[in-house]
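The values are calculated or read from the model by the stated rules, or taken from the named source; none is laboratory data. Just so you know, these numbers come straight off a predicted model, no measurement behind them. In this analysis, Cβ positions are derived from the backbone assuming ideal geometry, glycine residues included, and neighbour counts consider all displayed protein chains.
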Amino acid sequence: MEYMTDIKVIDNVLDEEYFFQLQSHMTSDHWPWFFMNNITSIGDGQSNYGFFHMLKNEHGESKRYESVKELVQTISKHVGSDHIIRCRMDMTVNRGKSYLCEPHVDLTSPHITTIFYVNDSDGNTVIYNEMYDMPANVPYMNMHKKLTIKQEIQPKANRLLIFNGLQMHTGHTPTTCNQRVLINSNFR
C-alpha cells in the first residue's frame, strides 16, 4: 500500500438507511462508553479527557464490532487496504468552552488514519503540515516543534476523513453540541 499525502474528505459515505441505524445505535443510552483520562494518550489530560469504546485492536474485537463491520468494509475500500490495525470510537463532550486536545499520531509506524463522524458537531479536526518523524525509540510526546495547520475538517454525520497516519493531528471539544462522536480507524 502506498501511503498518501493528500487529505480526503468523503461525504455520505454510507447509504442513508444503514447510517441512521448505526448512528441511533451508537448514540443510544445502551451503547457502552468508557472514561479515559487522556483520550490522545499524551499531555496532562486537563483538556484531553473523553470517552472511548475499543472496537478492534491487536488484542481482539469488542462484542459491538460486528455492528460496524459493514462500515469498516466500506472504509477499507476507500483506503485500499483490508488490514485494519485498530478501530476505536471516541466521544468528547461539551465543557462550556472549546479545548484543543494535544496534537498526536495514533501509531508511530506508517499507516493510514480514518475518522468517520457519527454526528454533526462543532469541534473541528485539525490536520497539521508536520509529520511524525522521530526515531522509533523517542516518544512523539517529546516532539517540540511548531505545528502549522494544513486543514481543519468540521465533524459532519456520515463524513469520512482519510489521511496519512504519520501526519500530526488533533481535535477540538464541542461547544454548541453536547457531544462529538467519531470512529477512528488505522490501516496498514
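Quick check on my filter: what residues within segment 5-39 are modelled with pLDDT under 95, surrounded by fewer than 16 Cβ atoms within 10 Å (Cβ to Cβ) and under 25 Å from His83 (Cβ atoms)? Thr5, Asp6 - these are the residues of segment 5-39 that are modelled with pLDDT under 95, surrounded by fewer than 16 Cβ atoms within 10 Å (Cβ to Cβ) and under 25 Å from His83 (Cβ atoms).
Hey, any hits in segment 146-161 for a residue that's within 21 Å of Asn129 (Cβ to Cβ) and among the basic types (Lys, Arg)? There is at least one residue in segment 146-161 that is within 21 Å of Asn129 (Cβ to Cβ) and among the basic types (Lys, Arg). Note on segment 77-101: residues that are crowded, with 17+ Cβ neighbours inside 10 Å, out of contact with any Lys or Arg (no Cβ under 6 Å at 6 or more places or on another chain) and of a type outside the set (Val, Ile, Thr) total 8. Residues considered: Ile115, Ile75, Ile42, Ile85. Of these, the only one that is β-branched (Val, Ile, Thr) and modelled with pLDDT under 95 is Ile42.
A quick yes/no check of all residues on (1) at pLDDT 95 or above; (2) of a type in the set (A, V, I, L, M):
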{"residue": "Thr125", "(1), (2)": "yes, no"}
{"residue": "Tyr128", "(1), (2)": "yes, no"}
{"residue": "Ala136", "(1), (2)": "no, yes"}
{"residue": "Tyr140", "(1), (2)": "no, no"}
{"residue": "His144", "(1), (2)": "no, no"}
{"residue": "Thr148", "(1), (2)": "yes, no"}
{"residue": "Arg159", "(1), (2)": "yes, no"}
{"residue": "Gln167", "(1), (2)": "yes, no"}
